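Here the structure comes first, spelled out in structure tokens, and everything after it is commentary.
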Amino acid sequence: MSCTDGPGMVTAMRPLDCPTPCGLIRLHVWNTRLVRAELLDGPAPPGEQGPPPPAAGLRAARRFADALGRAFAGEPAGVALEDLEHGACGPFALRVYTELMAVGFGQLVTYGELAARAGRPRAARAVGQVLKRNPWPIFVPCHRVVAAGRRLGGFGAGRQWKARLLAHEGWSVAGGRVKETYQ
């Protein structure tokens, strides 16, 4: 995947802008870990220029860009939870993210099913709150989580992004419900 350096924050390494089949994704990397994957609508917004990345940070950013390309090709991204900057996450959130990373390309899971997989079968709403704060969409594929009855559910970057990502994986959204495109 071909990515370009984009504007960033003064306190962090300059992010990497990556065009994908579903839209522009900005990767924020600090040292060797992914801090955030930002799903953008339209052209990249201008921002302050951060310092140029150190060599190790640039290698890590390119590694995440390559992983993003694999994810959009339907392959495992090859990113582990340890590659993500997750220091502020609690134990339940980490279990949810770990379980969600096992949901493959083109597969869906409900909030309730994900709660059960994370060891708290009655915590579907709590799972929704964890996913609402997911800083690494695509790498932790929260777009693959739907509400009961295959209702679309929410998505931090907006329902349009979720619908585009699901369409890329063989699903369509009609009337707020997710359906297989090819049945």
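What dipole magnitude, in Debye to the nearest 20, does the range 88-180 give about its Cα centre under +1 on Lys/Arg Cβ and -1 on Asp/Glu Cβ?
Taking the Cα centre of the range 88-180 as origin, the dipole is about 320 debye.
Quick one: F105, F155, fewest Cβ neighbours within 10 Å first, how do they rank?
Taking fewest neighbouring Cβ atoms as first place, the list is F105, F155.
For T110, what residues show an amide H to amide H distance below 5 Å, using hydrogens built from the backbone and excluding near sequence neighbours?
V146
Provide the per-residue ³J(HN,Hα) series for the range 90-102, in order, calculated from phi with Karplus coefficients 6.51, -1.76, 1.60 and θ = phi - 60°, each as a whole number of Hz, with x at glycine and proline positions.
x, x, 5, 4, 5, 5, 4, 4, 4, 5, 5, 5, 8
³J(HN,Hα) across the range 132-145 via Karplus (A = 6.51, B = -1.76, C = 1.60, θ = phi - 60°), whole Hz, x for Gly/Pro?
4, 9, 4, x, 10, x, 6, 5, 10, x, 5, 5, 8, 9
Sequence-distant or interchain residues sharing an amide H contact under 5 Å with V35, placed H: which?
The list, which skips near neighbours in sequence, is H28, V29, W30, E85.
Can you put H28, H86 in order of Cβ neighbours within 10 angstrom, beginning with the fewest?
Lowest to highest Cβ neighbour count: H86, H28.
Applying the Karplus parametrisation 6.51 cos²θ - 1.76 cosθ + 1.60 with θ = phi - 60° to the phi angles of the range 103-120, what ³J(HN,Hα) value in whole Hz is obtained for each residue in order, glycine and proline being reported as x?
7, x, 3, x, 9, 10, 9, 8, 4, x, 5, 5, 4, 5, 4, 7, x, 9
Where a number appears in this text, it was derived from the coordinates with a stated rule and is not lab data. Since this is a predicted model, take the numbers as computed values, not measurements. With ideal geometry, Cβ positions are generated from the backbone for all residues, glycine too; neighbour counts draw on all protein chains shown.
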